[in-house]
Amino acid sequence: MSQAVRIKEARGSQVISLLVLIVLALYWQGGMAGSAPAAEKSSADSGVRGASNGSVDELDLEKYLSDDGYVAFDVDIDGDGVLDKVISSAPNSGNELIFFKQGPKGPKKVLTTINLTEDGGRVLDRVSQEFPVPPSKDLMSIRTYFSKEDNSAIYYISFLSGRWMLTRAIYEVSDWRESSAKAYLCEVAQNISMRSLLMDGVRVKQAPEHPAKSRACKEKSAAQDSGVQ
C-alpha cells in the first residue's frame, strides 16, 4: 500500500472521530436542555408548598378575618387566661358561630354552632367576655336585639366538663297588653349544649308570652335593683 493511500485512510478516520464527537456533544446538550424545565418545575412546586406554614385551622381563621361577612371577638372561651377568637356571621349575614382556641401551635377550631340570631327577628349586637361571680360560671355572652331597644336577649355561655353550655338567657321585653309599655327582664334557664343547637328539634327557650304575669320576669327597674344583669 502506497503512502498516499495510508494518509487518506488516516484522514478519513479522523473525520469519522470528529463527527462522533460532534454527535455526542449535541446529544448531551439536548439532554441537559430537556431536563432543565423539569428541575425548575420541581423547585417551583416545593416553593409553593413551603409558602404557607400555617395549619388548616389557622388558614381557615385568616379567611374569616378577611371576610366582611364575618365579625371577630377576642374572648377567653374556656377560662385558661388566654384570649381566643370567636367568629360570628355579621349582622344580617347569617347565623354561624365558630370558636378558635389559641394554643402553642396556633389557633384550633373547636366549635361550630349558631350565634342565636333569628331570621326576621333579633340580630347580633356583640359577643362579650363575662367575669362571673360564684356560683355563676358564665364566661361569655351573646347579645342580640330587635329594632326596638326594649326587645333584646343576652345569652350566657359556660365551659363545663369540656363542653360549651348555653346556661341561661335574659330577655328584655315589653308586654303589648299593657298601656304603660313597661319593660321586663325575664331570666330563662336553658342548659343546652352549644354544639347541639345545630340538631333538629333543639330549641332555645324564649321569654314568657305574658311577662307581666310570669315569675321569671320583673319590671326592668326592679330587676336591676335586685341585681339581675
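The values are calculated or read from the model by the stated rules, or taken from the named source; none is laboratory data. What you are looking at is a predicted structure, and each value in this text was computed from that prediction instead of being measured. Every residue, glycine as well, gets a Cβ built from its backbone with ideal geometry; the counts of neighbours run over all protein chains shown.
Screening Ser141, Ser174 for residues that are crowded, with 18+ Cβ neighbours inside 10 Å, touching a Phe, Trp or Tyr at 6+ places or on another chain (Cβ under 9 Å) and small (Gly, Ala, Ser) leaves exactly one candidate, Ser141. The set of residues from region 103-131 being assigned to a loop (DSSP other than H, G, I, E, B) and touching a Gly at 6+ places or on another chain (Cβ under 9 Å) comprises Asn115, Thr117. Here Ala181, Ala207, Ala189 are screened, and the one residue that is in contact with a strand residue (DSSP E or B) (Cβ under 7 Å, 6 or more places away or on another chain) and modelled with pLDDT of 95 or more is Ala189. Here Phe131 passes the criteria (1) within 30 Å of Glu172 (Cβ to Cβ); (2) touching a residue at least 12 places away in the same chain (Cβ under 8 Å) except the one numbered (2).
The lone criterion from (1) surrounded by 17 or more Cβ atoms within 10 Å (Cβ to Cβ); (2) out of contact with any helix residue (DSSP H, G or I) (no Cβ under 9 Å at 6 or more places or on another chain); (3) hydrophobic (A, V, I, L, M, F, W, C) left unmet by Leu160 is number (1). Counting only residues that are part of a loop (DSSP other than H, G, I, E, B) and more than 13 Å from Ala153 (Cβ to Cβ), region 163-207 holds 14 of them.
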